[in-house]
Amino acid sequence: MPKMKTKSSAKKRFKTLGGGGVKRTHSHLRHILTKKTTKRKRQLRGTTMVAESNMRQIRAMMPYA
């Protein structure tokens, strides 16, 4: 069998952790920032974990992660 390909979009957006979890960055912090409050923008910084309900889709996009 040939090797399975990893989705390029997924490898740019997600990182897998040693314990099996997947981390991601927050969305909504690229443009139209003037109407968003400082608190909201501050809380969108950094990373968070992918929800369990979405893990099946992420695993399918990244077969070797």
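All of the numbers you see were taken from the coordinates with simple rules; none came from a lab. Just so it is clear, the structure is predicted and the values come from calculations on it, not from any experiment.
Values computed for the structure shown
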{"quantity": "Mean ellipticity per residue at 222 nm, deg cm²/dmol - from DSSP H runs of n ≥ 4 across the chain, formula -39500 (n - 2.57)", "calculated": "-7000 deg cm²/dmol"}
{"quantity": "For region 14-29, Karplus couplings with θ = phi - 60° (6.51, -1.76, 1.60), whole Hz, Gly/Pro x", "calculated": "10, 10, 8, 9, x, x, x, x, 10, 9, 9, 8, 6, 9, 6, 10"}
{"quantity": "Karplus-derived HN-Hα couplings along region 33-45 (A = 6.51, B = -1.76, C = 1.60, θ = phi - 60°), whole Hz, x at Gly and Pro", "calculated": "8, 5, 7, 8, 6, 4, 4, 5, 5, 5, 6, 7, 5"}
{"quantity": "5 angstrom amide H check on residue 15, placed H, neighbours 5+ away", "calculated": "23"}
{"quantity": "Option label - Rg and Dmax of the Cα atoms in Å computed here, alternatives (1) 14.8, 52; (2) 11.8, 36; (3) 10.5, 30", "calculated": "(1)"}
